[in-house]
Amino acid sequence: MSKKIIILGCTGSIGSNAAEVVREHRGEFDVVAVSALRSRERCDALAREFGAKAYCGPEGALRAVEENDADVCLVATVGMSGLKPTVAAIEKGMDIALATKEVLVMAGEYVMGLAREKGVRFLPVDSEHSAIFQCMAGAAAGEAERLVLTASGGPFLDSPADLSSVTVRQALAHPRWKMGPKVSIDSATMMNKGFESIEASWLFGVPADAIDIVIHPESIVHSLVTFVDGATLAQLSPPDMKVAIQYALTAPRRLPSPRAKLDLAAIGALTFRKPDYARFPALSLVKEACRLGGCSPAVLAAADEWAVDAFIKGKIPFTGIAAAVEECLESAPRMECTLPAVEEAARWTIERLEK
Ligand code: MG
């Protein structure tokens, strides 16, 4: 029996790669519905190719979930828009292959509680979380002591020293991964890695202060887990999102793929170092949001989404992204993490920044 899949955000970077994985394993998967925010033609074309239903526009992702049944819902929409369709998919008992980080950043406590209640699995799609997921296979609760997320460091790892005047084009030019604009800018500020640490904390039930970030410019080691007995496991592969996407869709099975295989001798050396918290204040803001708890991570995500868009549109400088986030975090009202409160916190944040 083939696995029924819904792909939300089918025309984005993750969605397109997922479509490629499905093409490579036709008999394994049955794509029943696809959604896209804007690219109607490409969405329709993909739907025709897979014999799936196409949903386009702002409500497309939610409708795709509400009007179809599937075993797995791949959530690869941009930013906060992923939350409602994810909740709807969990309510319907679908496993969640999660690429959209903001879902667990904003509402991790609520979403994970609901997932437990409904008995659905989270299948990480991001390379780091996929790596940890793979390293954790077979581990019992409490055996993982620390998680180590690797980070390429983005386009501004070593220069310029002063980031206040970098351009949008420079910020979008990620050295290792080809991704959409939101994730690329988040990688340049390192907010992306901060989001990933919050997401990892919810996915794997490890406290935020037991998650380390290490810079690894080669992007070969995708993350590591240190266990209570002193052993550390890592997952390695050449950087290609399709490895993680395929595993999310087939786990715990592994199927053959045409991906390039690792050649360590050709790479020669793998390097690691500490992140620079002074040049990348987003990392400290994430820690602060976690310390505050409740809806503070939702404020963090909403402020970042607004600020990244404002930066891309030339309204604020690159360093203004972290400044906007910090200002919102400091002044936001404290609320517990319920779904309405998360939505209210996001609205409050956007309104404050629009003023
Ligand atoms: Mg990542």
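The values are calculated or read from the model by the stated rules, or taken from the named source; none is laboratory data. Worth saying up front: this structure is predicted, and the values here are computed from it rather than measured. As a convention, Cβ positions derive from the backbone with ideal geometry for all residues, glycine included, and neighbour counts pool all protein chains shown. The protein model used for the area step is the full one, side chains on, heavy atoms only, and it has no ligands, DNA or RNA in it. Shrake-Rupley method; radii C 1.70, N 1.55, O 1.52, S 1.80 Å.
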With every protein chain in place, the accessible area of Ile350 for a 1.4 Å probe, in Å² rounded to the nearest 10, comes to 50 Å²
Ranking Phe272, Phe311 from most to least accessible area with a 1.4 Å probe gives Phe272, Phe311
Per 5 angstrom bin, beginning at 0 and ending with the bin that holds the maximum distance, the Cα pairs of segment 65-221 fall in percents of 2, 9, 17, 20, 19, 15, 10, 5, 3, 1, 0
Result for the chain: accessible area per residue, probe 1.4 angstrom, in square angstrom, of 44 Å²
Per GNM of the chain with C-alpha springs under 10 angstrom, the most fluctuating residue out of Pro181, Pro252, Pro275 is Pro252
With 0.36 nm assigned to each residue of separation and the Cα-Cα distance removed, Met1 to Lys118 gains 39.8 nm
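What's the magnitude of the charge dipole for segment 3-120 around its Cα centre, counting Lys and Arg as +1 and Asp and Glu as -1 at the beta-carbon? Answer in Debye, nearest 20.
Rounded to the nearest 20 debye, it is 160 debye.
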Out of Ser127, Ser237, Ser197, a Gaussian network model of the chain with alpha-carbon springs under 10 Å gives the largest mean-square fluctuation to Ser237
Length gained if Arg273 through Arg254 is fully extended, taking 0.36 nm per residue and subtracting the Cα-Cα distance, is 3.7 nm
Output for segment 140-213 (equivalent-ellipsoid semi-axes, sqrt of 5λ from the C-alpha gyration tensor, Å, descending) is 29, 12, 9
Residues other than Gly194 with Cβ under 11 Å of its Cβ, Lys/Arg counted +1 and Asp/Glu -1, net out at -2
Per 10 angstrom bin, beginning at 0 and ending with the bin that holds the maximum distance, the Cα pairs of segment 3-120 fall in percents of 16, 51, 29, 4
Pairs over 31 Å Cα to Cα, from Lys3/Lys313; Lys182/Lys274; Lys182/Lys355; Lys287/Lys355, come to Lys3/Lys313
Per the rule of 0.36 nm per residue minus the C-alpha distance, extending Leu292 to Arg38 adds in nm 87.9 nm
Put Ile5, Ile213 in order of accessible area, largest first, probe 1.4 Å, and you get Ile213, Ile5
Here the chain gives, from Cα atoms, an Rg and Dmax in Å of 19.3, 56
Distance in nm between Glu24 and Lys315 label points, each 7 Å along Cα→Cβ, equals 4.0 nm
Listed residues Gly57, Gly93, Gly82; largest mean-square fluctuation, Gaussian network over the chain with Cα springs below 10 Å, found at Gly57
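Where both residues lie in the chain, what percent of DSSP beta bridges are antiparallel, nearest 5? Don't skip to the end; give the middle numbers.
Details: 11 of 37 bridges.
Percentage antiparallel, nearest 5: 30.
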Over the chain, the sum of -39500 (n - 2.57) across DSSP H runs of at least four, divided by residue number and rounded to 500 deg cm²/dmol, gives at 222 nm -14000 deg cm²/dmol
Carbon and sulfur atoms account, in whole percent of the 1.4 Å probe accessible area of the chain, for 53 percent
Any trypsin sites (Lys or Arg not before Pro) in segment 250-333 that lie in a DSSP loop and have at most 12 other Cβ atoms within 10 Å would be Arg253, Arg254, Lys261, Lys313, Lys315
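Can you sort Cys328, Cys56 by solvent-accessible area, 1.4 Å probe, largest first?
So the residues, ranked largest to smallest area, are Cys56, Cys328.
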Over all viewing directions the Cα convex hull of segment 276-353 casts an average projected area in nm² of 4.8 nm²
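Based on Cβ point charges of +1 for Lys and Arg and -1 for Asp and Glu, what charge dipole magnitude is obtained for the chain about its Cα centre, in debye rounded to the nearest 20?
Working: 38 positive and 45 negative charges, 165 e Å.
So the dipole magnitude of the chain works out to roughly 800 debye.
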Convex hull around the C-alpha positions of segment 42-82: the volume in Å³ per residue is 81 Å³
Sorting Ala248, Ala266, Ile312 by the position of each Cα along the dipole of segment 224-355 (Lys, Arg +1; Asp, Glu -1; all at Cβ), the one nearest the positive end of that ordering is Ala266
